[in-house]
Amino acid sequence: MSLGVALTALTCGSEPSKVLEPPKPGLAANPRWLTFRCVEPGCDESLTAAVRVVGDRDIAIKRVVMSDDERTDFTFEVSKEPPFVLKAREEFTVDVRFQPNGDPRLGDVKLLVTFTDASASESATDRIQAGELEIPLVRRLVGEPAMEVTPELLIFGAVSTTTSARLPLSVRNSGFGNVGLVLVEAIASEEELTVTDLPDDALLPGESHDLSVVYAPIDERFTDATVTVRSADPEAAPAIVRVRGTSIPYPSLAARPEAGVDFGEIAVGATASGPVELVNQGAGRLEISAIELTNDLGGALTLMLPRIRTDTTAPNAIAVLDPLENYELTVELDAQMRGAIDSRLRVTSNAATGNVFELPIVGLITQPVIEVSPPSADFGAVPRGWVQSKALEIQNAGYGELVVQNVSFVLGSSDLFNFKTVPQVPIRLSHGERTGFEVEFRSETEASFNATLGIESNDPNTPFMEVTLHAAGASCDAGCPIANGTPSCAGGVCSVGECNLGFYDADGQASTGCECAEVGNDPGAFCNESIFVGALSDEGDRAQFTGVAPTSEDIDLIRFFGRDDSQLFSDDYDVEITLQSSDPGIRMCIYRHGTGDHDNNCYFDGETCPGNRAFHEDGSTGPDDSTDYVIKVFRDPGSPGSCTTYTVFMKNG
């Protein structure tokens, strides 16, 4: 009984055995793939794969080939040459030889064995279907290529337009491992240069190859070009080689940088250097007799001239340059005073293109300087109840950007002073630029008051500037200055009593007085005070009038006579009246009185008050449409006063 229990426990506790699916009839390789571990360039490795029949049927081996028939790094030999019949349970071998050439462009490759059932009868139920056995050939690639191109500069010297010259350009794979360097192109930037002799095969690490660079000048000029060499690796940076040559038969002077020396912006007290390279771009010998500065800015600019090669055959020359030879000098700047740098490097030589060559030397020595105008502000005696303002202006009188970081009242300033327009900081001002703002004083009591404005900026000499403000609150009896009018001290408050003729108090501020002046003749609200601009014929006559309507009490009447000169068969009578003003509170109404002749009296008939401030009236064919027009310009009662002008445009025809 114990044995039965033990057997029962063993049966229940153990996992069921796995039943594997039998292999599919056909062919199988052992190993299933070949892995080649050949690493060193020039190595040689051979591996063998055995191919056997799976199942009980004979198989016809039709062919054994590579998946890429152009591959030269792999070769193979078969123990039995196809086609042949492989009996059940038999096998044949394939010996594969690998001789790496390092070309990274070569992809994966497989050995392909094509087969079918050896029986001629196709009725057998266990017949093996035709197929193809794949044996992957795995390469072990290690390392990486690295392109090294020398020299970095090719100098052809002087070559005439009737000849050509050739120089080698060496390309070397300085990488490691067994990965080759493949060159795909070498392109010159100028048409007189060509590159030939690219290698057909990859360069293994340590190998090199010479390209040929040919210079065949087309016309007389200096050539400063590049040759760009690219490998097959898209992520590898190309090699860029400078190439210089000349076909100019005479000495020719040039300088680099071509645009000259630009120091940019440099602060006062700083120093800077500007390198200059003088080059003889011609085939003749260049003799330099002088190198100087046209303006040294009081000693701020100096020349650093290294030792210069001279020649006894040119006793007056301070330097002699052979074809394509260069001479490097330096312009030194000691920024002492602010201002613009405007100088020239002047070189005198025997260059055929001109014996005097000048190269610009520019820049800006910066030192922002803040100026405030006025430096202080006195509001004087300000009548009680008034609010008076004064304008202040900040200017950058120096060079370089002036940055105003803060504008504020310092501690202890009277709170009766305030900003009318608050400066938005930071304020950035270039040389000569300025910005303005207003401060105001509110007079509440009869006493003297002071305030100080603090202005912070990047001016190195005046980083914090103070502007003092002074004002005195005064009684109306002590003074009530009303501009263009007479004062009133009713209730002890200084106010506008009456404005002078032709002036108005549009803003309602006594401190500004009667600030609004009439434009030209001021028409009135009655017919005898109106302005008559004349008779406008329907031949296209036009007229206009400009005035102001500062208050709702000011009404202007403008009149004209629209004359109908053509009534028979056609009518050109076409009256247009337009009011234009930036003040939307100014309105107009038009009155029309039909009459054959102008009447000096005013008739307020047919009132029209267009909301869009534009009026249009056509004539009729036959009857006389002549009409007297009265235009009333007024300010909307709900609109605030303003001294903004208006213009009425009148047209007929």
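Please work out whether the stretch 483-537 counts as rounded, prolate or oblate from its C-alpha gyration tensor, where a ≥ b ≥ c are the square roots of the eigenvalues and a/c under 1.5 means rounded, while otherwise a/b larger than b/c means prolate and anything else oblate? Verdict is prolate for the stretch 483-537. Take the chain and mark each of the GluC sites (Glu not before Pro) that is in a DSSP loop with at most 14 other Cβ atoms within 10 Å; the longest unmarked stretch, sites excluded, is 259-432. The Stokes-Einstein estimate for the stretch 527-652, based on a Kirkwood radius over Cα pairs and taken at 37 °C with 0.692 mPa s viscosity, is a diffusion coefficient of 220 µm²/s.
By the gyration tensor of its Cα atoms, with a ≥ b ≥ c the square roots of the eigenvalues, what is the shape of the stretch 462-505: rounded for a/c under 1.5, prolate for a/b over b/c, or oblate? Note, shape of the stretch 462-505 comes out oblate.
Distance between the modelled labels on residue 422 and residue 582, one decimal in nanometres: 2.5 nm (7 Å Cα→Cβ projection). Calculate, in whole percent, how much of the Cα-Cα pair population of the stretch 311-416 lies beyond 23 Å. Result for the distance tail: 62 percent. Label sites at residue 97 and residue 28, each approximated as a point 7 angstrom past Cα along Cα to Cβ, lie 3.1 nm apart. At q = 0.16, 0.21 Å⁻¹, work out log10 I(q)/I(0) for the stretch 255-366 with the Debye formula, treating every Cα as an identical point scatterer and leaving solvent out; two decimals please. Taking Cα atoms of the stretch 255-366 as identical point scatterers yields -0.72, -1.08.
For the chain, the longest principal axis of the Cα atoms and the long axis of helix 2-13 meet at an angle of about 50 degrees. On the beta carbon distance between residue 544 and residue 464, with R0 = 51 Å, the FRET formula returns roughly 0.40.
For the stretch 430-506, the gyration tensor built on C-alpha atoms gives an oblate shape. Its axis ratio a/c (a ≥ b ≥ c) is at least 1.5, and a/b is not larger than b/c. When the chain is described by a simple charge dipole with +1 on each Lys and Arg Cβ and -1 on each Asp and Glu Cβ, the residue from 629, 238, 404 located farthest towards its positive end is 238. The simple Förster model, with R0 at 30 Å and r as the Cβ-Cβ distance, assigns residue 639 and residue 390 a FRET efficiency of 0.55. For residue 303 and residue 144, the FRET efficiency from 1/(1 + (r/R0)^6), where r spans their Cβ atoms and R0 equals 41 Å, is about 0.25. Stokes-Einstein, applied to the Kirkwood radius of the stretch 370-474 over Cα pairs at a viscosity of 1.567 mPa s and 4 °C, places its translational diffusion at 91 µm² s⁻¹.
Sequence-distant contacts, meaning Cα pairs under 8 Å at least 6 residues apart, place the relative contact order of the chain at 7 percent.
Positive end of the dipole of the stretch 370-474 (Cβ unit charges, origin at the Cα centre): among 382, 455, 422, the Cα lying farthest that way belongs to 382. Pairs of Cα atoms nearer than 8 Å and 6+ residues apart set the relative contact order; for the stretch 64-197 it is 22 percent. Using only Cα coordinates, the Kirkwood hydrodynamic radius of the stretch 26-141 works out to 15.1 Å.
The convex hull of the Cα atoms of the chain, projected and averaged over all directions, covers 79.4 nm².
The numbers here are math on the coordinates, done by the rules we state, and not lab data. Bear in mind that the values here come from a model prediction, so they are computed numbers and not experimental data. Quick reminder, even Gly has a Cβ in these numbers, built from the backbone with ideal geometry, and neighbours come from all protein chains shown.
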